[in-house]
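One structure below.
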Amino acid sequence: MATYKQIQQWVKNVHGFTPKPCWIAHIKAENGKTTRIAANRLDPNTRQQPCPQNKRPAVEQALRHFGVL
């Protein structure tokens, strides 16, 4: 499985921006690929920084590229 750093680097090389790790986690959670909620999360039902709609396709493409989705 790819690390968040590898996913960030791939998106930066292909799409020209670096996604935040919380964006990657948000996309993974929406697709049922996470196993737990982070210990430092203030409210388990809401996200502080969800992935913006305009960045979602690039992050999803990276996750598909690495076989996560």
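Just a few scattered comments:
- Output for region 42-55, where each listed residue is open to solvent by 70 Å² or more (accessible area, probe 1.4 Å) and in contact with a Lys or Arg (Cβ under 9 Å, 6 or more places away or on another chain): 47, 48, 49
- For region 5-12, the condition of being more than 12 Å from the chain's Cα centre (by Cα) and outside any helix (DSSP H, G or I) holds for none of the residues.
- Scope region 24-41; condition part of a helix (DSSP H, G or I) and open to solvent by less than 80 Å² (accessible area, probe 1.4 Å); matching residues: 24, 25, 26, 27, 28, 29
- Residues of region 6-23 satisfying the condition of being open to solvent by less than 40 Å² (accessible area, probe 1.4 Å) and without any contact (Cβ under 8 Å) to a residue 24 or more places away in the chain: 8
- Residue pairs whose Cβ atoms lie under 6 Å apart, sitting 6 or more positions apart in sequence or on different chains, and linking a residue in region 51-66 that is under 19 Å from residue 6 (Cβ atoms) to a partner that is assigned to a loop (DSSP other than H, G, I, E, B) and open to solvent by 40 Å² or more (accessible area, probe 1.4 Å), are 63/69.
The values are calculated or read from the model by the stated rules, or taken from the named source; none is laboratory data. Everything numeric here is computed off the predicted structure, so don't read it as measured data. As a convention, Cβ positions derive from the backbone with ideal geometry for all residues, glycine included, and neighbour counts pool all protein chains shown. For accessibility, only protein heavy atoms count, side chains too; no ligands or nucleic acids. Shrake-Rupley method; radii C 1.70, N 1.55, O 1.52, S 1.80 Å.
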